[in-house]
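These notes concern the structure reproduced below.
The values are calculated or read from the model by the stated rules, or taken from the named source; none is laboratory data. It should be emphasised that the depicted structure is a prediction, and the values quoted were computed from it without experimental measurement. Positions of Cβ are generated from backbone atoms using ideal geometry, with glycine treated the same way; all protein chains shown enter the neighbour counts.
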Amino acid sequence: MNEEYPKRKKIHIPGFDYKGSGHTYFMTICAYRKNQHFRNPDIADIVVQDLLYRCNHLNQINLYCYCLMPDHLHLLLSLNHTYKRSLQNWVADFKRLTTKLIHKNANIKVQIWQRGFYEHIFRKEESLIQKAKYILDNPARKGLSKNWEGYKYSGFVKPLPM
């Protein structure tokens, strides 16, 4: 029996060079099977601390804003000019390390991240301000806080590249 499995939808642009600091990305990384792992403060803290560490200490990314929701993570970022690998490599490293830290420090042994991620590459005419507002307002839209300032797992990190 020669059963064919459906092919995964390609979510990245074929032939696009995802290396270098010349592009700003809006990204969504989802929890495995939409599990709400990030409601657990121990897990959420690990994810946010790792993001900030990669931005402020390792200088891998320019993180403009982020929002960690119960079942997904939104990011507005660009790769730092010193980071010589691709966006896909960065996401894979981020997911691998945060999973390892969560398993060790939160003592939870389940799959954390969904395979893959979604990204949108900004063009010159698109509004980074509108996308940053969308990211930061997510908790208020979902009833998790009255406004973005009141939500512990979101924030601005670096000024938007305008």
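Scanning the stretch 12-21 turns up no residue that is crowded, with 20+ Cβ neighbours inside 10 Å, at pLDDT below 95 and outside any strand (DSSP E or B).
Picking from 109, 131, 84, which residue would you name as being in a loop (DSSP other than H, G, I, E, B) and under 24 Å from residue 20 (Cα atoms)? Show your work before the answer.
On the way: 109 fails: under 24 Å from residue 20 (Cα atoms); 131 fails: in a loop (DSSP other than H, G, I, E, B).
Being in a loop (DSSP other than H, G, I, E, B) and under 24 Å from residue 20 (Cα atoms) holds for just one of 109, 131, 84, which is 84.
The residue that is nearest to residue 62 (Cα to Cα), counting only those in the stretch 138-158 that are under 16 Å from the mean Cα position of the chain (by Cα) and part of a helix (DSSP H, G or I), is 138. If the condition is being in contact (Cβ under 8 Å) with a residue 12 or more places away in the chain, within 14 Å of residue 79 (Cα to Cα) and assigned to a loop (DSSP other than H, G, I, E, B), then the stretch 38-59 contributes only 59. Scanning the stretch 60-81 for residues that are part of a loop (DSSP other than H, G, I, E, B) and either loosely packed, with under 15 Cβ neighbours inside 10 Å or of a type in the set (Gly, Ala, Ser) (or both) gives a single hit, 81.
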